[in-house]
Amino acid sequence: DNDENRQKRRNRLLYSILKMIVDVVTTILGGAFLLRFWIQIVRARPPFQIANFLIQLTDWFIRPLRKTIPGWAGYDWSTLIAAILMAVVSALFDTWLINYFSARIILFLVALSLLNWIIYGFMGLLIIEAIFSWVNPYSPIASFVRDLNRPLLEPVRRFLPTLGGFDFSTLIVFFLLQIVSRTITHLILSNLI
């Protein structure tokens, strides 16, 4: 009986480690694909180092997809499809771990992964912009991150003036993203259960 319990604990540990690895890989790649798509949407020009890094990280998957998924309306849709496929891989792995395959659960897990990647990606960009505004606001990376954040911050800046020379739009958008994340996560999970 003790050997059986030890084996179960080892298996749980192995599954936990494997899940962590799959989550890290799919999150990094999914986030990179979404970043490439967002760069196209806002028409931002990344510094050479960032552009080169993104291309090297993602082109192995994007190039074959481009052969079957054509660009349309000025966007490379293969980058968005690649992010969705990473979310599917993550969801399939999660359902494999619990040994329960359901199209409904997989769909909800895919939606939840994409939501988290998008929300946390935007939150990360806001934090990076705040750091650069204190450390080196004239850096090419700072300018690039500002361009990525502009569509999120401009609507708030129109309604909220700077107070005492301080721009609180980043903080407000950060909290709004958290509210959106929690609300949508709650809706997804309540429909799942």
Would you mind working out the accessible area per residue for the range 93-193, using a 1.4 Å probe, and quoting it in Å²? 64
In square angstrom, rounded to the nearest 10, how much accessible surface does M86 have for a 1.4 Å probe? 20
Label of the coordinate-derived value, mean projected area of the Cα convex hull in nm², listed as [x] 14.2; [y] 15.4; [z] 11.6: [y]
So, relative contact order of the range 40-193 in percent, Cα under 8 Å, 6 or more apart, is 23
Coil-residue chymotrypsin sites (Phe, Trp or Tyr not before Pro) of the range 122-158, DSSP, other Cβ within 10 Å capped at 10: Y138
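Mind listing which trypsin sites (Lys or Arg not before Pro) in the range 7-100 are in a DSSP loop and have 10 or fewer other Cβ atoms within 10 Å?
R43
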Quick check: Cα centre of the range 132-193 to Cα centre of the range 30-93, how many Å? 22
Helix-derived mean residue ellipticity, 222 nm - over the chain, DSSP H n ≥ 4, -39500 (n - 2.57), to 500: -29500 deg cm²/dmol
Would you mind counting up the charge near D147? Only other residues with Cβ under 13 Å from its Cβ, with Lys and Arg at +1 and Asp and Glu at -1. +2
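Of L34, L13, which has the most accessible area and how do the rest follow, probe 1.4 Å?
Final ranking, largest accessible area leading: L13, L34.
The values are calculated or read from the model by the stated rules, or taken from the named source; none is laboratory data. These numbers come from a predicted model, not from an experiment. Positions of Cβ are backbone-derived with ideal geometry, glycine not excepted, and every protein chain shown enters the neighbour counts. These area figures cover heavy atoms from the full protein model, side chains too; ligands, DNA and RNA do not enter into them. Shrake-Rupley method; radii C 1.70, N 1.55, O 1.52, S 1.80 Å.
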